[in-house]
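Take a look at the structure below.
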């Protein structure tokens, strides 16, 4: 989209992308077109290190051969957190865990933030499969050679009054 706008001579005041925050984008032909644009990420960026980012980064470097400048894509964060949550469910369910015991254990987790990878702490005992009251994420600006965090703190928003997001069906 940014490349097409650039080719047509359109110069938007600001570009905000809900997806595309990925280390594989840097240096591609499209990278120049997105310079100055903002990319949202629901997960703590590696450029703002904490215990969760450091643990994940070390594992990705060891097992997926990431370089020190690479960071995960959306699907890699999702996979990491999904596996982390499943491990917690199995641990809580005990050594003879059944399917039902794991689900029950997961629904009993009252405080989960993926070791700091998520901007908000989730309470699965009250919000399992429900729309969260607010949505948070970090904004990253595409600069010459990398993405740079706009703020060390996530930005949050809530549903508009009178609206709701229904998950499932």
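Counting other beta carbons within 10 Å of each Cβ, put 44, 107 in order, fewest first. If you can, show how the numbers build up before the last one.
Working: 44 25, 107 14.
By the 10 Å Cβ count, ascending, the order reads 107, 44.
Neighbour counts of other C-beta atoms within 10 Å: give me 135, 151, 79 arranged from fewest to most.
Values: 135 17, 151 9, 79 12.
Fewest to most other Cβ atoms nearby, the residues stand as 151, 79, 135.
In which sequence would 15, 140 go, from the one with the fewest C-beta neighbours within 10 Å to the one with the most? Mind showing how you got there, number by number?
Working: 15 16, 140 23.
Going from least to most buried by this count: 15, 140.
Based on the mean of other beta carbon atoms within 10 Å per residue, what is the order of 69-78, 18-27, most packed first?
Details: 69-78: 16.9, 18-27: 15.2.
Those peptides, ordered most packed to least, come out 69-78, 18-27.
Bear in mind that the values in this text are calculations on the coordinates, not laboratory data. Not measured: the values here are computed from a predicted model. With ideal geometry, Cβ positions are generated from the backbone for all residues, glycine too; neighbour counts draw on all protein chains shown.
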